[in-house]
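The values are calculated or read from the model by the stated rules, or taken from the named source; none is laboratory data. None of the values given here were measured: they were computed from a predicted structure. Note that we place each Cβ from the backbone using ideal geometry, even for glycine, and neighbour counts take in every protein chain shown.
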Amino acid sequence: MLKPVLCGGEILLDFLSKDVGQGLAGTTVFEKRPGGSIFNVAVGLRRLGVPASLLTKLGGDEFSLGLMSVIADENITTECLKTDSTLKTTLAFVALNEEGKPEFRFYRDHAADTGLTISDVERISPQDYSVYHFGSIALLEKPASDAYLELLGRFHEEKLLTSFDPNVRPSLIVDRTTFIQMFDRICGMVDIIKMSDDDLEYVTGLADVTDGLKMIRSTVDALVLVTLGRNGAVVSFKGACWRVPTFDSVEVVDTTGCGDSFMAAVIAGLLNNGGLASLSTPKLTGIVTFANAAATIVGTRYGAANAMPRIREVDEFLSLHQNADVQDGVSE
């Protein structure tokens, strides 16, 4: 039986703009959705048939009670979930601007997801899990950042699979230099690194993805993935680097959660194919093609956790679109 993926990071409420292309300034109507990068991945994994456990902290407000109901509905295990009745749920407002890029603004007054402590994670046994996936805005404030990094050290020591998505939100980063130092430290320890092209440019200062990847201080055998929106994803693994196209004939409604669905699908694909050690280029390309399909489906919906696809939906999408959109599934 497959052990669950431990997903460590934020759970929050996304308020998604209903005015596409207007950005935050021009939006008049927002819709509330459960979200947070790490929670989205946990939901994505469950809907792809992979067990997931959520490591985070919830507050005592009405929003937190609603999120607990969503966790139960998605059958995500809660043995690592902590609560503090004095804290509140983080709120995130999201809108696509005229260029189709998401704009974010976070409200984190006494936020529960920042309150996780090292003592909250001390009884977690890495051997109970198949993967530790973490990252995003949960790493930007203490004491939560210390707790997630403490756990990374323990998984790393026991040589268990670890996965990291920085999910960079510049508006929340107080000191870019300190953030990049933490980013470099993490990249030198984890097995899987997933970034968007915007994330990569932020941490390296380079707009060219190929040049930016050369600046990432990953381990020799790490899998590094860079999502490029309509241009698919770049894969860097064991000295090879290639691009996997996506499904660009599909009309995108909202990109919120696309990267998280991609991440969930990659983790699911790796676990279903024996992990990183035995991966061939064709097999890895197939996994990333599947992940591109999952992300594309999310882009056709109003995003966050509710938009994560189920495995049959991805399979059906691939059967309809793969030959027409992707052709051979890989290009230089």
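Taking region 55-102 as the range and being aliphatic (A, V, I, L, M) and within 28 Å of residue 316 (Cβ to Cβ) as the test, the residues that pass are 70, 71, 72, 76, 94, 96. If you check 239, 229 for being within 27 Å of residue 257 (Cβ to Cβ), at pLDDT below 95, out of contact with any helix residue (DSSP H, G or I) (no Cβ under 7 Å at 6 or more places or on another chain) and of a type outside the set (Val, Ile, Thr), only one passes: 229.
Scanning region 160-213 for residues that are in contact with a strand residue (DSSP E or B) (Cβ under 8 Å, 6 or more places away or on another chain) and of a type in the set (Lys, Arg) returns 169, 194. Those strands (runs of 3 or more DSSP E) of region 89-152 in which 2 or more residues are touching a helix residue (DSSP H, G or I) at 6+ places or on another chain (Cβ under 9 Å) and at pLDDT below 90 occupy 91-96, 102-107. Scanning region 184-218 for residues that are surrounded by 14 or more Cβ atoms within 10 Å (Cβ to Cβ), of a type in the set (Val, Ile, Thr) and closer than 24 Å to residue 283 by Cβ yields a total of 5. In region 206-245, what residues are part of a loop (DSSP other than H, G, I, E, B) and acidic (Asp, Glu)? Of everything in region 206-245, those that are part of a loop (DSSP other than H, G, I, E, B) and acidic (Asp, Glu) turn out to be 208, 221. Looking at residue 158, is it out of contact with any Asp or Glu (no Cβ under 9 Å at 6 or more places or on another chain) and of a type in the set (D, E, K, R)? Yes; evaluated as a whole, the condition is true for this residue. Being β-branched (Val, Ile, Thr), touching a residue at least 60 places away in the same chain (Cβ under 8 Å) and over 20 Å from residue 90 (Cα atoms) is a description that applies to residue 50.
In region 63-85, how many residues are without any contact (Cβ under 8 Å) to a residue 40 or more places away in the chain, hydroxyl-bearing (Ser, Thr, Tyr) and within 9 Å of residue 53 (Cα to Cα)? So the answer is 1. If you go through region 22-41 and keep only what is hydrophobic (A, V, I, L, M, F, W, C) and over 14 Å from residue 95 (Cβ atoms), you end up with 38, 39, 41.
So that you can scan it fast, the table gives a plain yes or no per residue for (1) closer than 30 Å to residue 20 by Cα; (2) modelled with pLDDT of 90 or more; (3) part of a helix (DSSP H, G or I):
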| site | (1), (2), (3) |
| --- | --- |
| 247 | yes, yes, no |
| 250 | yes, no, no |
| 254 | yes, no, no |
| 260 | yes, yes, yes |
| 263 | yes, yes, yes |
| 268 | no, yes, yes |
| 274 | no, no, no |
| 277 | no, no, no |
| 285 | no, yes, yes |
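When residues in region 154-197 are screened for being under 23 Å from residue 228 (Cβ atoms), among the β-branched types (Val, Ile, Thr) and outside any helix (DSSP H, G or I), 5 of them pass.
Given the structure, is residue 33 more than 16 Å from the chain's Cα centre (by Cα), of a type outside the set (A, V, I, L, M), outside any loop (DSSP other than H, G, I, E, B) and buried (at least 17 other Cβ atoms within 10 Å of the Cβ)?
yes
Filtered by the rule that a residue be out of contact with any strand residue (DSSP E or B) (no Cβ under 7 Å at 6 or more places or on another chain) and assigned to a helix (DSSP H, G or I), region 1-30 gives 25, 26.
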